[in-house]
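All remarks here apply to the structure that follows.
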Amino acid sequence: MVPAVVVLVAALVFLAIAWSAYAKALRVDRLHRQVLGSRATLEAQLVHRAQAAVDLATSGLLDPASALLLSQAAHDALDAEGPIVDDGLDTDTPAQLAGAATRSRARIESDLSRVIRTVVDAPTRVELGVDPRGQEALDRLDRAAYRMVLARRFHNTHVAEARRLRAALDVRVLHLAGHAPLPQTFDIDDSTDVPTVSGNTQATP
């Protein structure tokens, strides 16, 4: 009788451990999917920001030198190939594409941020605000930049959650993440000095 009880208890313990491991493996997979989902959203917001920058550059409201500088940086962002984060989690995109790029996506997007800050400075904002077309183009760019910042924060938050779970001892020992690469954050200079409290710029997503 006693051996049977011991076997039953051992079986129940094993089942509990197995179920816990299975549930945690599902959670790891779910977090990876959340990272990819937020990464797709971030990719879309990066495109929207670049397109808004192109629209402003081609509006005829900027001086030729500023328009050319902004247009070039924005088109570099739109023409960039490969995943925005080269961690291998985007299995549909060949890893070699990112490695073949002259500049990383992070560098390209950071360059666009710096160009926007340089071209769309305070005096230029005032000049653009005089013309309704200029104010509309400026508002569109500011909204796109703001939404991109939010999307990047959400993405990096999901990455941090996934990395924290994968750092757990049982996840590492039991290889519950399988062969999935460790997600990486997307770290760039995304400041474009967008007003969020006062002024004509709308700071709501």
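Taking a quarter of the surface of the Cα convex hull of segment 1-59, what do you get in nm²?
3.4 nm²
Taking a ≥ b ≥ c as the square roots of the Cα gyration tensor eigenvalues, the chain comes out prolate, since a/c reaches at least 1.5 and a/b is larger than b/c. The ranking of VAL47, VAL119, VAL5 by Cβ neighbour count inside 10 Å, starting from the fewest, reads VAL5, VAL47, VAL119. Note on ALA180 and ARG27: the model spin-label points, each 7 Å out from Cα along the C-beta direction, lie 1.3 nm apart. Put in line by how crowded their Cβ is, counting other Cβ atoms within 10 Å and starting with the fewest, HIS175, HIS75, HIS48, HIS155 read HIS175, HIS75, HIS48, HIS155.
Modelled spin-label separation between LEU12 and LEU169, with each label point placed 7 Å from Cα along the Cα-to-Cβ direction: 2.5 nm. Relative contact order, whole percent, for the chain stands at 30, derived from Cα pairs under 8 Å and 6 or more residues apart.
Can you give the Rg to Rh ratio for segment 130-189, taking only C-alpha atoms and Rh from Kirkwood? Mind showing how you got there, number by number?
Working: Rg = 19.1 Å, Rh = 14.4 Å.
Taking Rh as the inverse mean 1/r over Cα pairs, Rg/Rh reads 1.33.
Using the Cβ-Cβ distance between GLU81 and SER20 with R0 set to 45 Å, the FRET efficiency from 1/(1 + (r/R0)^6) comes to roughly 0.60.
Bear in mind these aren't lab numbers, they're just calculated from the coordinates by the rules spelled out. These numbers come from a predicted model, not from an experiment. Every residue, glycine among them, receives a Cβ derived from its backbone with ideal geometry; neighbour counts consider all protein chains shown.
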